[in-house]
1. Going through segment 33-75 one residue at a time, which ones are crowded, with 16+ Cβ neighbours inside 10 Å and among the basic types (K, R)?
2. Criterion first (surrounded by 15 or more Cβ atoms within 10 Å (Cβ to Cβ), in contact with a Ser or Thr (Cβ under 6 Å, 6 or more places away or on another chain) and closer than 16 Å to F119 by Cα) does A21 satisfy it?
3. Condition (residue is under 14 Å from M132 (Cα atoms), out of contact with any Lys or Arg (no Cβ under 8 Å at 6 or more places or on another chain) and not aliphatic (A, V, I, L, M)) applied to segment 46-54: is it met by at least one residue?
4. With at pLDDT below 95 and either over 30 Å from K3 (Cβ atoms) or touching a Leu at 6+ places or on another chain (Cβ under 7 Å) (or both) as the only criterion, which of G64, G91 stands out?
5. Among the residues of segment 112-131, write down those that are among the hydrophobic types (A, V, I, L, M, F, W, C), touching a residue at least 24 places away in the same chain (Cβ under 8 Å) and in a helix (DSSP H, G or I).
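The values are calculated or read from the model by the stated rules, or taken from the named source; none is laboratory data. Since we're looking at a predicted model, the values are computed, not measured. Virtual Cβ from ideal backbone geometry, glycine too; neighbours counted across all protein chains shown.
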Amino acid sequence: MNKIEETTFWLYTAWLVSIIATLGSLYFSEIKGFVPCEMCWYQRIFMYPLVLILGIATFQNDLGLRKIVLPMAIIGGTISVLHYLEQKVDGFGGIKPCANGVPCNVQYINWFGFITIPFLALTAFTLITIFMLLSFKGTKK
């Protein structure tokens, strides 16, 4: 595989992760009826546009858009970490406690004792970040 094909592969893989994460988020809220808390909304703000941005980057082979995707994935992942800590660490209040609607420490799912919705979001943001870093390997653009 040459460098352009490899870069396109990582962009495409990151795009697939963003699609799965977005569909999962919509499944939990629209089908399962889980009302998103405030921190969930912030994570969505960073994940949902990645579907469009990574789709354009992949099919237009626009390597410049990676510079937009990487900061969005890192910021979204940071929010996911804070949200996960708020759910799993007793007494961790986060930067600002959620005041309206659903409290941010509510765990709609708790698979295997550690997999929650913010953990799933963190996994997606982490994978996208890794794939973006891999897509920079060997390119100068």
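1. Result: R44, R66.
2. Details: surrounded by 15 or more Cβ atoms within 10 Å (Cβ to Cβ): yes; in contact with a Ser or Thr (Cβ under 6 Å, 6 or more places away or on another chain): no; closer than 16 Å to F119 by Cα: yes.
The answer is no for A21.
3. Looking through segment 46-54, none of the residues is under 14 Å from M132 (Cα atoms), out of contact with any Lys or Arg (no Cβ under 8 Å at 6 or more places or on another chain) and not aliphatic (A, V, I, L, M).
4. On the way: G64 fails: either over 30 Å from K3 (Cβ atoms) or touching a Leu at 6+ places or on another chain (Cβ under 7 Å) (or both).
G91 is the lone residue from the list that is at pLDDT below 95 and either over 30 Å from K3 (Cβ atoms) or touching a Leu at 6+ places or on another chain (Cβ under 7 Å) (or both).
5. First, pick out the residues of segment 112-131 that are among the hydrophobic types (A, V, I, L, M, F, W, C): 112, 114-115, 117, 119-122, 124-125, 127-128, 130-131.
Still in the list and also touching a residue at least 24 places away in the same chain (Cβ under 8 Å): 114, 117, 119-122, 124-125, 127-128, 131.
Scanning segment 112-131 gives I117, F119, L120, A121, L122, A124, F125, L127, I128, F131.
The rows are residues; the columns are (1) among the small types (G, A, S); (2) out of contact with any helix residue (DSSP H, G or I) (no Cβ under 8 Å at 6 or more places or on another chain); (3) modelled with pLDDT under 95.
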| site | (1), (2), (3) |
| --- | --- |
| K32 | no, yes, no |
| P97 | no, yes, yes |
| F119 | no, no, no |
| F136 | no, no, yes |
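Here's the yes/no breakdown for (1) outside any helix (DSSP H, G or I); (2) closer than 18 Å to L127 by Cα:
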| residue | (1), (2) |
| --- | --- |
| V17 | no, yes |
| T22 | no, yes |
| Y27 | no, no |
| P36 | yes, no |
| M39 | no, no |
| F59 | no, no |
| T78 | no, yes |
